[in-house]
Amino acid sequence: MTADVFEQINSFRGSSEHGLDSKGRLNIPARFKDVLARKYDGRLIISPWGKCLRIYPLAEWAKIEYAILNRGRQNPGTSARFVRHIVGNASEVQLDNNGRILLPVTLRAMGNIDKEVFLLGMTSFVEVWDKQIHLTENVIGDEEFDDLAAECSELGFF
């Protein structure tokens, strides 16, 4: 098996609906837990990102922090507010024995996350959306799909 195929097998993909329990814990789907077990050590970072939260394996998050540090050295101060927001509000969590993670209250508030959530696998991370926000923000109509497909084709995706 080539490295490219191995990476594809060990990626987060797909979507699923979930409900948070009364303590704000989220069940991680088995397919995502499998990726975590095969490729990562189980430590996760949750960070606010626009209208959702992002969950990164610690190794993937380290790449982001490294990129931020390098970018900051090139352009000091230009992205300080953004860095404060995503890094300053990031929280490290771990799967519990039941395959759940606790979404901290402050992060749930930042993502407007209530009870019903949508998880989206985004290859190297997972997005957590409030269900209603996801349904209004991430629906692509036919015309927009055609435009996006054409753009992807120009980029060589297919």
Given the conditions (1) surrounded by fewer than 15 Cβ atoms within 10 Å (Cβ to Cβ); (2) part of a helix (DSSP H, G or I), and given that Leu107 satisfies all but one, which numbered condition is not satisfied? (1)
Out of (1) in contact with a helix residue (DSSP H, G or I) (Cβ under 7 Å, 6 or more places away or on another chain); (2) among the β-branched types (Val, Ile, Thr); (3) assigned to a helix (DSSP H, G or I), the one Val117 does not meet is (3)
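Any chance you could count how many residues in region 39-64 are of a type outside the set (A, V, I, L, M, F, W, C), loosely packed, with under 15 Cβ neighbours inside 10 Å and assigned to a helix (DSSP H, G or I)?
The qualifying residues number 1.
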Among the candidates Val83, Val93, which residue alone is assigned to a strand (DSSP E or B) and hydrophobic (A, V, I, L, M, F, W, C)? Val93
State all residues of region 84-112 that are touching a Pro at 6+ places or on another chain (Cβ under 7 Å), within 12 Å of Ile45 (Cβ to Cβ) and touching a residue at least 60 places away in the same chain (Cβ under 8 Å); if no residue qualifies, say none. Leu107
Taking region 142-158 on its own, how many of its residues are within 23 Å of the chain's Cα centre (by Cα) and outside any helix (DSSP H, G or I)? 1
Starting from region 24-35, keep only residues that are within 20 Å of Leu107 (Cβ to Cβ), then list their pairs with residues that are surrounded by fewer than 14 Cβ atoms within 10 Å (Cβ to Cβ) and modelled with pLDDT of 95 or more whose Cβ atoms are within a distance under 9 Å, requiring at least 6 positions of separation or different chains. Gly24/Val105; Leu26/Gly19; Asn27/Gly19; Asn27/Asp21
What do you reckon, is Pro48 at pLDDT 95 or above and either more than 17 Å from Val128 (Cβ to Cβ) or in contact with a His (Cβ under 7 Å, 6 or more places away or on another chain) (or both)? yes
Suppose we keep only residues that are surrounded by 12 or more Cβ atoms within 10 Å (Cβ to Cβ), charged (D, E, K, R) and in a strand (DSSP E or B) within region 10-38. Which one would you say is modelled with the lowest pLDDT? Arg13
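Let me confirm something: among Ile68, Ile101, which residue is of a type outside the set (D, E, K, R), outside any helix (DSSP H, G or I) and surrounded by 11 or more Cβ atoms within 10 Å (Cβ to Cβ)?
Testing whether each residue is of a type outside the set (D, E, K, R), outside any helix (DSSP H, G or I) and surrounded by 11 or more Cβ atoms within 10 Å (Cβ to Cβ) leaves just Ile101.
The values are calculated or read from the model by the stated rules, or taken from the named source; none is laboratory data. Quick caveat: nothing in here was measured; it's all calculated off a predicted structure. Because the Cβ atoms are built from the backbone with ideal geometry, glycine has one as well, and the counts that use them run over all protein chains shown.
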